[in-house]
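Everything below concerns the one structure shown next.
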Ligand code: G4P
């Protein structure tokens, strides 16, 4: 899903988040493992004060495993609970239940001291568009889970998915807004396909991606397209266009088409597992 953001849209999303946050104990925040910082919105840290926090490095299957580990440590160092997941095929899901209990330990203990027994932890999923929120909810909740309606104790109009006797999940995710003011962030979100392609200059972006891959993942472009990575970035794009037969009328090379192929290959993991934003070295 791509959302075209404008101030009204953002204010509405923010207001909705604030309302939903009143109902829950735990925020399950999804970030894209390939761009963990660019796909976060730090406003969530302010909005979610006093809530238990779990960060899911989603799309971990598409990201570099060494970097996944490095990012996991990074966020753990900041006090978050962290799980790497692939929501599309369900990898990492089993682990989450335990981590939820761990993340909400204090709340469960508080309840116990007040004599409240067996009140399930209430959680909501949040993240920027396209990070995988719906895929995660479907995969995590599965088909077997019963939805709870407007029964006593359940806020009217809200649907909760009862995952087990310990956890209930709000069935609509909180949509966070990307940090548009930072151009670098915009570029990285475009690389992973979270910003509509038609508002971007794809060829320019392709050249930037080629430059990054040559530096951080040498050999990857050569392996896929048999291009020389010694070339300038434009030369590499030209090589991709030739390798894939991207020609306009009159034998002119079609760089736009070659850029599209490069992005499709990158986004679907055909270039291998690649992380675009590396965890800061401690
Ligand atoms: P959203 O609700 O946060 O907006 O995201 P959504 O679940 O719609 O997921 C956006 C895209 O990301 C979907 O691909 C989805 O399949 C893919 N996706 C979600 N989680 C993962 C993951 O862990 N690994 C991988 N590899 N992909 C993931 P799409 O191309 O838009 O749709 P489709 O081709 O899957 O139908």
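The values are calculated or read from the model by the stated rules, or taken from the named source; none is laboratory data. These figures come from a predicted structure and were not determined experimentally. For neighbour counting, all protein chains shown are included, and Cβ atoms are generated from backbone atoms with ideal geometry for every residue, glycine included.
Among the candidates 234, 213, which residue alone is in a helix (DSSP H, G or I), in contact with a helix residue (DSSP H, G or I) (Cβ under 7 Å, 6 or more places away or on another chain) and surrounded by 16 or more Cβ atoms within 10 Å (Cβ to Cβ)? Let's see the steps before the verdict.
Details: 234 fails: surrounded by 16 or more Cβ atoms within 10 Å (Cβ to Cβ).
Within the list 234, 213, the selection yields 213.
Given the conditions (1) in a helix (DSSP H, G or I); (2) surrounded by 20 or more Cβ atoms within 10 Å (Cβ to Cβ); (3) within 16 Å of the ligand (Cβ to nearest atom), report the number of the one that residue 56 does not fulfil.
Going through (1) in a helix (DSSP H, G or I); (2) surrounded by 20 or more Cβ atoms within 10 Å (Cβ to Cβ); (3) within 16 Å of the ligand (Cβ to nearest atom) one by one, residue 56 breaks only (1).
So how many residues does segment 180-201 have that are touching a helix residue (DSSP H, G or I) at 6+ places or on another chain (Cβ under 9 Å), more than 16 Å from the ligand (Cβ to nearest atom) and touching a residue at least 12 places away in the same chain (Cβ under 8 Å)?
The number of residues fulfilling the criteria is 2.
Can residue 61 be described as surrounded by fewer than 20 Cβ atoms within 10 Å (Cβ to Cβ), within 23 Å of residue 192 (Cβ to Cβ) and at pLDDT 95 or above?
On the way: surrounded by fewer than 20 Cβ atoms within 10 Å (Cβ to Cβ): yes; within 23 Å of residue 192 (Cβ to Cβ): yes; at pLDDT 95 or above: yes.
In short, yes.
Would you check which residues across segment 81-94 are closer than 13 Å to residue 56 by Cβ and either assigned to a strand (DSSP E or B) or without any contact (Cβ under 8 Å) to a residue 40 or more places away in the chain (or both) and list them?
81, 82, 83, 84, 86, 91, 92
For residue 130, which of the numbered conditions (1) in a loop (DSSP other than H, G, I, E, B); (2) modelled with pLDDT under 90 fails to hold?
For residue 130, the exception is condition (2).
Looking at segment 68-79, which of its residues are free of Cβ contacts under 8 Å to residues at least 60 places away in the same chain and either under 17 Å from residue 276 (Cα atoms) or surrounded by 17 or more Cβ atoms within 10 Å (Cβ to Cβ) (or both)?
Here is the first cut: in segment 68-79, the residues free of Cβ contacts under 8 Å to residues at least 60 places away in the same chain are 69, 72, 75-76, 78-79.
Within segment 68-79, 69, 72, 75 qualify.
If we scan segment 43-52, do we find a residue that is within 27 Å of residue 120 (Cα to Cα) and either within 16 Å of the ligand (Cβ to nearest atom) or modelled with pLDDT of 95 or more (or both)?
Initially, segment 43-52 is screened for residues within 27 Å of residue 120 (Cα to Cα), giving 43-52.
This time we only want the ones that are either within 16 Å of the ligand (Cβ to nearest atom) or modelled with pLDDT of 95 or more (or both), so: 44.
Yes.
I'd like the full set of residues that are within 16 Å of the ligand (Cβ to nearest atom) and surrounded by fewer than 14 Cβ atoms within 10 Å (Cβ to Cβ), limited to segment 91-114. Let's see the steps before the verdict.
Going through segment 91-114, the residues within 16 Å of the ligand (Cβ to nearest atom) turn out to be 91-96.
Once the filter is applied, which keeps residues that are within 16 Å of the ligand (Cβ to nearest atom) and surrounded by fewer than 14 Cβ atoms within 10 Å (Cβ to Cβ), segment 91-114 yields 94, 95.
Inspect all residues belonging to segment 202-210 and state whether any of them is outside any helix (DSSP H, G or I) and either away from the ligand (no atom under 16 Å from the Cβ) or in contact (Cβ under 8 Å) with a residue 24 or more places away in the chain (or both).
No, segment 202-210 contains no residue that is outside any helix (DSSP H, G or I) and either away from the ligand (no atom under 16 Å from the Cβ) or in contact (Cβ under 8 Å) with a residue 24 or more places away in the chain (or both).
So, in segment 59-90, of the ones that are within 15 Å of residue 37 (Cβ to Cβ) and touching a helix residue (DSSP H, G or I) at 6+ places or on another chain (Cβ under 6 Å), which residue ends up nearest to the ligand (Cβ to nearest atom)?
Selected residue: 68.
Quick check: anything in segment 255-269 over 21 Å from residue 62 (Cβ atoms), modelled with pLDDT of 95 or more and over 31 Å from the mean Cα position of the chain (by Cα)?
no
Looking at the structure I just gave you, is residue 117 in a helix (DSSP H, G or I) and either more than 16 Å from the ligand (Cβ to nearest atom) or within 23 Å of residue 189 (Cα to Cα) (or both)? Reasoning before the result, please.
Working: in a helix (DSSP H, G or I): no; either more than 16 Å from the ligand (Cβ to nearest atom) or within 23 Å of residue 189 (Cα to Cα) (or both): yes.
Spelling it out, it is not the case that residue 117 is in a helix (DSSP H, G or I) and either more than 16 Å from the ligand (Cβ to nearest atom) or within 23 Å of residue 189 (Cα to Cα) (or both).
In segment 164-201, which residues are part of a strand (DSSP E or B) and surrounded by 13 or more Cβ atoms within 10 Å (Cβ to Cβ)? Explain how you work it out, then say what you get.
Start the filter on segment 164-201 by keeping residues that are part of a strand (DSSP E or B), which leaves 164, 167-170, 174-175.
Scanning segment 164-201 gives 167, 168, 169, 170, 174, 175.
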